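Notes follow the structure.
The values are calculated or read from the model by the stated rules, or taken from the named source; none is laboratory data. In this text the structure is predicted, and so the values were computed from the model without any measurement. Here the Cβ positions follow ideal geometry from the backbone for every residue, glycine too, while neighbour counts run over all protein chains shown.
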Amino acid sequence: MSAIELLVELIKVSEKAANIARVCRKDEHLFSLLVQEKAPAESNARFEQDFKTLADCLIQEAIKHDVGKKFPALRENIRGEENPNFTNSIGESITVTVTDDMNETIVSLQKVLNGDEVAARRLADEVYRDIVVDFDKWQIPDESVTLDNDLTELGIWIDPIDATAEYIRAQERATKHPNIAASGLKCVTVLIGVYETVSGSPIIGIVNQPFASGGEVDNYESKIFWGITIGDLKFNNIMPFENTERIAILSPSEQSKYVEFLKNQLKYDIVYSSGAGHKILKVATGEAELFLLSKGTTYKWDTCAPQAILRSLDGELFDLQDTLINKALKKIKYDKKSTRNTGGLIAYRNIDKFKDFLKM
């Protein structure tokens, strides 16, 4: 099985996801119908309110459908963040489904959207749209790269819209560094990560930024970043970035003791930003040297894709607490049971600099 063939399909579905996210955000009437607060069992304890959107659920189910249709052996190993169940305005519980029959999907969406057929068809158009792969734009290699594993030995984690709160609020705030957003749509990512079920290592990652370029709802375009690590073979489309500053990218809610340590002892320039996928991506691109999160508030769907890209650059994502206590390089691993990264996170692209961190 070709790793590049799988990569191409995942890039296609990530761009389909980005299209759905843009369509939902563009239409104020449609967007007002989409937001539903998560049940307590689903929500992230870090936020007072945690929302899911129909865009999240629809993207997740579309990815499952398309990838599962192309690679049936992967179908049962695709997992995502969202529960696809919605309750409409009259109290009906509806499961969002994507099937081979477009009309079935329209009926499902129409029930969620309180009978709005126009909106349902508009969304279905994006779900069933063919995505043309631009091999040059996305720098997809033509090398023959064979997967080491049978497809049944692979798992996929999806975060259909990482930084959902930023997607909903769209309150754009910049940092003093032009390539790093503090909040808003530029922090939103679609994350698709493939991992080996035996070793737990992520091997293919796609991070799609649906609102990366353009400044108006009508003209946003994606940036797509990807990375592959198969044995000793490493491929990615990350462009070289020379950064003379030591930047640590953190969550605005990070504990003050870590902020002070990084700022005062290690002399990092602290930058606050939203979205776990976005922050880890900035380490992969070289725009930040370090990402640190002390709390166990991220999940496997947040980290699998950007970690795979980091690994393709000889970087890595580690368990922070185990690192601090045991001074050990405990990498984040993946399986079919655990969902939360309980020990916090620390990401470096340059492992030598990470080892210097451990000496402090």
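Listing for the model above:
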{"item": "Residue check, ALA305 more than 18 Å from ILE156 (Cβ to Cβ), modelled with pLDDT of 95 or more and among the small types (Gly, Ala, Ser)", "result": "no"}
{"item": "Flag if LYS257 is over 16 Å from the mean Cα position of the chain (by Cα), of a type outside the set (Val, Ile, Thr) and farther than 19 Å from ALA174 by Cβ", "result": "yes"}
{"item": "Residue within the range 325-339 that is acidic (Asp, Glu) and within 22 Å of VAL259 (Cα to Cα) present", "result": "no"}
{"item": "Listing of helices (runs of 4 or more DSSP H) fully contained in the range 240-313 that carry 1 or more residues being in contact (Cβ under 8 Å) with a residue 12 or more places away in the chain and polar (S, T, N, Q)", "result": "300-312"}
{"item": "Search result, residues across the range 343-355 that are surrounded by 12 or more Cβ atoms within 10 Å (Cβ to Cβ), within 19 Å of LEU324 (Cβ to Cβ) and either in contact with a helix residue (DSSP H, G or I) (Cβ under 8 Å, 6 or more places away or on another chain) or of a type in the set (Asp, Glu) (or both)", "result": "GLY343, GLY344, LEU345, ILE346, ALA347, TYR348"}
{"item": "Selection status of LYS353, at pLDDT below 95, among the basic types (Lys, Arg) and either more than 25 Å from VAL13 (Cβ to Cβ) or touching a Gly at 6+ places or on another chain (Cβ under 7 Å) (or both)", "result": "yes"}
{"item": "Residue check, GLY205 in contact with a helix residue (DSSP H, G or I) (Cβ under 6 Å, 6 or more places away or on another chain), at pLDDT 95 or above and within 17 Å of GLY286 (Cβ to Cβ)", "result": "yes"}
{"item": "Candidates GLY193, GLY214, filtered to the one that is within 24 Å of ALA18 (Cα to Cα) and free of Cβ contacts under 8 Å to residues at least 40 places away in the same chain", "result": "GLY214"}
{"item": "Single residue of LYS69, LYS64 found to be touching a residue at least 24 places away in the same chain (Cβ under 8 Å), part of a helix (DSSP H, G or I), under 21 Å from ASP302 (Cα atoms) and of a type in the set (Lys, Arg)", "result": "LYS64"}
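Residues checked against (1) surrounded by fewer than 21 Cβ atoms within 10 Å (Cβ to Cβ); (2) acidic (Asp, Glu); (3) at pLDDT below 85; (4) in contact with a helix residue (DSSP H, G or I) (Cβ under 7 Å, 6 or more places away or on another chain):
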{"residue": "GLU76", "(1), (2), (3), (4)": "yes, yes, no, no"}
{"residue": "THR87", "(1), (2), (3), (4)": "yes, no, yes, no"}
{"residue": "VAL107", "(1), (2), (3), (4)": "yes, no, no, no"}
{"residue": "ALA124", "(1), (2), (3), (4)": "no, no, no, yes"}
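Conditions (1) within 21 Å of the chain's Cα centre (by Cα); (2) at pLDDT below 80, marked per residue:
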{"site": "ASP27", "(1), (2)": "no, yes"}
{"site": "ALA39", "(1), (2)": "no, yes"}
{"site": "SER43", "(1), (2)": "yes, yes"}
{"site": "ASP56", "(1), (2)": "yes, no"}
{"site": "GLU81", "(1), (2)": "yes, yes"}
{"site": "GLU104", "(1), (2)": "no, no"}
{"site": "VAL112", "(1), (2)": "no, no"}
{"site": "GLY115", "(1), (2)": "no, no"}
